[in-house]
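Single-structure report; data block below.
The values are calculated or read from the model by the stated rules, or taken from the named source; none is laboratory data. Because the structure is predicted, anything quoted here is derived from the model rather than measured. Using ideal geometry, Cβ is built from the backbone for each residue, glycine included, and neighbour counts are taken over all protein chains shown. Side chains are part of the model used for accessible areas, which takes the heavy atoms of the whole protein and leaves out ligands, DNA and RNA. Shrake-Rupley method; radii C 1.70, N 1.55, O 1.52, S 1.80 Å.
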Amino acid sequence: LYAAINQNHALTSRMHKLEATAFEDQKGGLRGVTQGVLAIRSVPVTNQPRTEARHPKGGIGWNGEFSEILRKVCGVGREGTMYVQELIYPRETYLDVAFTNDPSLPNTFRYLLSLHSPVVDNVVSFGMLNWAFAPAGTYPSTTEVHTLCTASPTGGLHTSGPLVSCSLGKLAVEVGSAIGMVSFYLAERGMKVYALDPVKPNIERMGESACLNGVRECLQQQRNTPQPAATKMCSNASSWGSFAPSRVTFVHGVADRATEGSRLIRSHNNNLAATDPADSRGGKDSWEGMIAKVALDDVLQDLNLDIEFLHMCPQGEEFMVLEGTFRLIKAGRVRNILFGVYQANQARRKEQVGASIKVYTFLQQLG
């Protein structure tokens with residue numbers, strides 16, 4: 001378990017080097033100046049709607065089976081290139097240091113992600129198109145969650161089974177989902193998912209990803225149904241199985257201590273996954289908007305399911321999120337919570353670590 005997580009920390013550290021890299025759009029393509037850190041491949045940028053595939057050995061959903069159907073059904077309204085990537089994880093093992101993720105292996109969790117143009121999001125989307133942060137077919141934060149859902153540590157309180165029960169019908173909530181790298185992994189496992197993010201383009205990409213995965217799942221089940229009848233059937237969102245609206249819910253809002261009012265959210269330049277308010281100063285290449293504040297206590301109060309897994313990535317606002325989840329936690333309806341210690345800004349390191357200790361103390365007091 002620790003070997004796998006430590007490996008991901010090492011891989012994630014490459015991202016900070018990549019963030020310092022200069023990218024620019026030049027004559028319809030991307031040019032990466034990497035200073036020898038990573039071998040960046042050119043990603044063509046066109047005005048023609050099409051899927052962009054960058055995965056060794058390919059995979060259905062873009063350049064192979066169903067690619068044209070998926071583009072036509074799920075790419076409606078998408079301007080320019082529709083960038084798509086597939087993440088693949090083994091069902092019965094976690095990824096340790098010695099494990100090589102082979103997308104040709106059977107018995108895997110496979111799901112498609114719709115990405116932003118790498119021109120406007122040259123961190124997560126650009127990195128995933130080039131597998132810059134982790135081995136092909138994986139993403140660091142998703143691999144950490146995969147480990148928690150798969151590995152069976154021994155000793156202490158956990159003597160058998162994985163740390164988190166990511167099984168069919170369980171409820172997962174992700175705060176700060178970005179484009180859904182973790183949320184769609186959990187949906188692929190059969191969990192019911194609520195994904196919350198304040199950046200509207202991220203919500204739009206997740207809607208496309210739900211379509212891509214749902215239509216593909218439906219078409220696979222309707223192989224013996226003639227076309228275009230199968231396409232017509234699978235274009236209905238109610239037929240999307242694990243990715244239907246009744247299974248995956250997207251909430252466009254910013255998690256807060258109470259459901260009232262709104263506040264300005266601004267992304268970092270060319271990084272639609274980062275909205276740290278203390279560091280974000282916006283600019284011509286950032287996204288911003290007045291976003292409704294929501295408390296998880298209110299969003300989830302009418303659900304009959306307990307939260308098996310609360311995955312938080314609100315970038316420094318964890319305590320505020322938990323204040324808005326106080327009633328659910330107090331009632332014992334949240335079983336597992338995963339949050340990070342943010343140390344991206346060295347000048348604020350003491351403050352950021354202190355914020356994490358505050359969260360830990362708060363949870364400890366609630367039992």
- Query: Among the candidates 244, 172, 237, which residue alone is touching a Phe, Trp or Tyr at 6+ places or on another chain (Cβ under 6 Å), among the aliphatic types (A, V, I, L, M) and either at pLDDT 95 or above or open to solvent by 10 Å² or more (accessible area, probe 1.4 Å) (or both)?
  - Reply: 172
- Message: Here is a check on your reading of the model: is residue 294 under 13 Å from residue 174 (Cα atoms) and modelled with pLDDT of 90 or more?
- Response: no
- Do we have any residue at all in region 126-148 that's among the small types (Gly, Ala, Ser), part of a loop (DSSP other than H, G, I, E, B) and open to solvent by 30 Å² or more (accessible area, probe 1.4 Å)? no
- Task: Run down 126, 184, 133 and say which single residue is over 26 Å from residue 302 (Cβ atoms), of a type in the set (Phe, Trp, Tyr) and touching a Leu at 6+ places or on another chain (Cβ under 7 Å).
- Result: 133
- Going through region 293-318 in order, the residues found to be in contact with a strand residue (DSSP E or B) (Cβ under 9 Å, 6 or more places away or on another chain) and either free of Cβ contacts under 8 Å to residues at least 40 places away in the same chain or part of a helix (DSSP H, G or I) (or both) are 296, 299, 318
- Matching residues in region 301-321 (open to solvent by less than 20 Å² (accessible area, probe 1.4 Å) and more than 20 Å from the chain's Cα centre (by Cα)) number 0
- Query: Can you pull out the residues in region 190-242 that are part of a loop (DSSP other than H, G, I, E, B), touching a strand residue (DSSP E or B) at 6+ places or on another chain (Cβ under 6 Å) and farther than 21 Å from residue 254 by Cα?
  - Reply: 191
- Message: Going by what's in this entry, would residue 124 be described as more than 20 Å from residue 210 (Cα to Cα), of a type in the set (A, V, I, L, M, F, W, C) and at pLDDT 85 or above?
- Response: no
- Query: Is there a residue in region 198-211 that is basic (Lys, Arg), in contact (Cβ under 8 Å) with a residue 40 or more places away in the chain and open to solvent by 10 Å² or more (accessible area, probe 1.4 Å)?
  - Reply: yes
